[in-house]
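Below is one structure, written out as structure tokens; the observations come after it.
Any read-out appearing in this document is the output of simple, stated calculations on the displayed coordinates, not a laboratory observation. Keep in mind it's a predicted model, so treat the numbers as computed, not measured. A quick note on method: Cβ atoms are made from the backbone with ideal geometry, for glycine too, and the neighbour counts reach across all protein chains shown.
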Amino acid sequence: MGWALRRGFSAHGHDELQSYLLAECMDNYPPPPEPYNLANELAKERNRAAAERTLMAWIRTSLSLISFGVGIDRIVAAIHGAFPGGRNGFHLSRTLGLSFIIIGTLALLAAAINHRQDLKHIDRGRFTYQSRLSISFVVAIALVVVGTFAFLAIMFQSL
């Protein structure tokens with residue numbers, strides 16, 4: 001107790017001594033983990049599930065675009081093989097089909113990268129809005145360009 005009196009603690013200040021010793025000892029330990037918050041953990045799980053659903057929607061969309069491109073190419077190739085002397089739209093349809101395949105593949109790649117970034121943000125607790133280019137917008141513009149190109153090519157081919 002002599003030590004406590006020399007440090008300025010009174011004999012009756014047992015609580016002060018315990019607080020001081022606890023503070024001195026705790027400086028050598030890492031801070032305690034944040035208390036478990038069920039509401040935060042459930043919100044993170046809902047956000048993760050929403051990110052998974054979004055990725056699955058992009059997988060379906062990309063698969064549809066790729067399948068549509070393969071379908072266009074195969075159908076026109078079959079028609080061209082059946083009627084070799086007919087009009088020559090084979091190169092246009094192959095270009096159109098390959099365009100859909102490329103758009104679908106790039107959309108799937110962008111969605112996978114975006115999904116990974118979203119999961120990292122959820123894990124780190126960064127829930128601030130970040131402005132970024134929408135994959136949907138880019139795919140829509142690409143489809144407008146391909147559709148316009150196909151329309152003009154078919155229109156000028158028939159003239």
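Scan region 135-159 for residues that are among the β-branched types (Val, Ile, Thr), over 16 Å from Thr61 (Cα atoms) and surrounded by 11 or more Cβ atoms within 10 Å (Cβ to Cβ) and the total you get is 3.
Could you tell me which of the residues Arg53, Arg132, Arg60 is outside any helix (DSSP H, G or I), of a type outside the set (Phe, Trp, Tyr) and surrounded by fewer than 12 Cβ atoms within 10 Å (Cβ to Cβ)? When all the criteria are applied, what remains is Arg132. Among the candidates Leu42, Leu63, the residue that is out of contact with any helix residue (DSSP H, G or I) (no Cβ under 9 Å at 6 or more places or on another chain) and either free of Cβ contacts under 8 Å to residues at least 60 places away in the same chain or at positive phi (or both) is uniquely Leu42. Considering region 63-111, and only residues there that are among the β-branched types (Val, Ile, Thr) and farther than 20 Å from Gln157 by Cα, the residue that is surrounded by the most Cβ atoms within 10 Å (Cβ to Cβ) turns out to be Ile103.
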